[in-house]
Amino acid sequence: KRIAALSGIASTSYVDTTAVSGTDYYYTVKAFNTTVQSGIKDYFITYTAGLATPQVNLKSTDSGVAISWGQVENATGYNVYRKGTTGGYKRIAALSGIASTSYVDTTAVEGVSYYYTVKAFNASVQSAFEDVLYVP
């Protein structure tokens, strides 16, 4: 079934916004002009939808830094990461198979600034992330 006809343009890409996550598809692209069309070569893919980026909120508590985020559709868990003002991220929590959307970093040192991020995941993909700076 033809899902798009791109003519009179120099486009070499297309996004199938009707694809359903978890569904197998065969795609092909045919070049054409006014008199001929190119041959066909099929490409197979199982489409897996990406996950939204969790929006992280931080709050200081007596126990440490409280990290919270909104639930991400199709996520089966969340990885929580922290880094100092230099260096790389280290995973501090792996929350899987649960609907939790919060975590308290009880290892945070009082008076120290940190960057936090949360990545949503499922069996197929992991979301992108955003740095959120915590300044005590």
Inset, instruction - Among the residues of the range 94-136, count how many are small (Gly, Ala, Ser) and within 11 Å of the chain's Cα centre (by Cα). - result: 4
Inset, instruction - Determine which member of the set Ile98, Ile45 is open to solvent by 40 Å² or more (accessible area, probe 1.4 Å), β-branched (Val, Ile, Thr), modelled with pLDDT under 95 and in a loop (DSSP other than H, G, I, E, B). - result: Ile98
Inset, instruction - Could you list all residues from the range 14-26 that are over 21 Å from the mean Cα position of the chain (by Cα) and either open to solvent by less than 90 Å² (accessible area, probe 1.4 Å) or modelled with pLDDT under 75 (or both)? - result: Tyr25
Inset, instruction - Filter the range 70-95 down to residues that are in a strand (DSSP E or B), open to solvent by less than 40 Å² (accessible area, probe 1.4 Å) and of a type in the set (A, V, I, L, M, F, W, C), then give me how many there are. - result: 3
Inset, instruction - Name, by its number, the condition in (1) loosely packed, with under 14 Cβ neighbours inside 10 Å; (2) at pLDDT 80 or above; (3) more than 13 Å from Ser102 (Cα to Cα); (4) not charged (D, E, K, R) that does not hold for Leu51. - result: (1)
Inset, instruction - For the range 27-42, name all the residues that are open to solvent by less than 70 Å² (accessible area, probe 1.4 Å) and either over 19 Å from Ser11 (Cα atoms) or at pLDDT below 70 (or both). - result: Gly39
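The values are calculated or read from the model by the stated rules, or taken from the named source; none is laboratory data. All of these numbers come straight from a predicted model, not from anything done at the bench. Counting neighbours? That spans all protein chains shown, and the Cβs are built from the backbone with ideal geometry, glycine included. Note: accessible area is taken over every heavy atom of the protein model, side chains too, but ligands, DNA and RNA are not part of it. Shrake-Rupley method; radii C 1.70, N 1.55, O 1.52, S 1.80 Å.
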